[in-house]
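The values are calculated or read from the model by the stated rules, or taken from the named source; none is laboratory data. Here the structure is a predicted model, which is why all the values come from computation and not from measurement. Neighbour counts run over all protein chains shown; Cβ positions are idealised from the backbone, glycine included. We work out accessible area using only protein heavy atoms, side chains counted, and drop any ligands, DNA or RNA first. Shrake-Rupley method; radii C 1.70, N 1.55, O 1.52, S 1.80 Å.
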Amino acid sequence: ARLLRPDERRPRRRVTTMETQRATLKLFAAAPCEATSKEYTLFFHRTIQEGGLRETFIDVTDYSHVPDGPGVMLICHEAHYSMDRAAGRLGLKCATKRGATGDAAARIRRVLQKTLSAAAAMESHEALSGKIHFSTDTLLFSIEDRLVAPSTAETFQVVAPVLAEVIGSVWGVPPVLA
């Protein structure tokens with residue numbers, strides 16, 4: 001093996017905002033929510049045992065002791081699921097981290113599908129026995145990759161039309177993006 005001088009290195013193709021693997025979506029819990037951290041932990045462990053989601057499962061961890069933190073998390077190969085309490089609002093957050101292909105719309109549809117599937121599983125599972133329901137009138141979408149998607153107006157202008165198209169096609173009405 002030989003080391004390449006800086007002028008001999010091939011330029012790496014830069015990943016664009018729309019090609020990121022790290023998309024997140026949070027569905028907020030509808031009040032009142034009577035489920036506890038222990039019940040979320042039980043649900044996530046049962047999900048692993050029963051194969052309740054189409055994922056390669058790794059572990060369950062409890063960060064409920066962290067104020068406004070991620071709460072109970074289900075760690076998977078392609079995504080993390082958590083009962084997130086950021087900004088004091090409980091919700092199911094799905095954070096994808098690898099495995100996405102296709103254009104930006106396909107990547108957004110993927111995180112939306114994963115989040116909605118997990119929410120439906122939680123609402124109907126016996127471990128939570130109807131103690132949690134999710135509201136679909138407000139979503140929080142973000143790209144957790146500041147290198148390729150800095151939190152700027154320019155990034156919002158690039159992502160907003162694609163996000164609006166995907167959300168509008170699923171809900172049947174155009175969303176209000178802010």
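Overview of values
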quantity	calculated
Mean ellipticity per residue at 222 nm, deg cm²/dmol - from DSSP H runs of n ≥ 4 across the chain, formula -39500 (n - 2.57)	-10500 deg cm²/dmol
Mean accessible surface per residue for the chain, computed with a 1.4 Å probe while every protein chain stays in place, in Å²	59
Computed magnitude of the charge dipole of the chain (debye, nearest 20; Cβ of K, R +1, Cβ of D, E -1)	820
Whole-number Å³ per residue for the convex hull built on Cα positions in segment 132-178	94
Cα centroid of segment 23-62 to Cα centroid of segment 91-138, whole Å	10
For volume of the Cα convex hull per residue in Å³, calculated from these coordinates, the label among (1) 126; (2) 152; (3) 164	(3)
Rg ratio (alpha-carbon, reference 2.2 N^0.38 Å) - segment 78-178	1.13
Cα-centre dipole for segment 35-120 with unit charges at Cβ (Lys and Arg positive, Asp and Glu negative), debye to 20	280
Cα-based Lys proximity count in the chain, under 16 Å, for pairs eight or more positions apart or on separate chains	6
Highest-fluctuation residue, 145, 103, 84 considered, GNM on the chain with Cα pairs under 10 Å	103
The chain: angle of helix 153-171 to the longest principal axis, Cα-based, in degrees nearest 10	50
Calculated from backbone phi, Karplus (6.51, -1.76, 1.60) coupling profile of segment 85-96 in Hz, x at Gly/Pro	10, 4, 6, x, 10, 6, x, 8, 10, 10, 10, 7
Segment 23-102: C-alpha gyration tensor shape, a/c 1.5 cut-off, then a/b vs b/c	oblate
In segment 116-178, the GluC sites (Glu not before Pro) that fall in loop regions by DSSP, at most 11 other Cβ within 10 Å	126
Phi-based couplings in Hz for segment 26-31 (Karplus 6.51, -1.76, 1.60; Gly and Pro marked x)	10, 9, 7, 6, 7, 6
Charge dipole (the chain, unit charges on Cβ, about Cα centre) - positive-most of 104, 129, 169	104
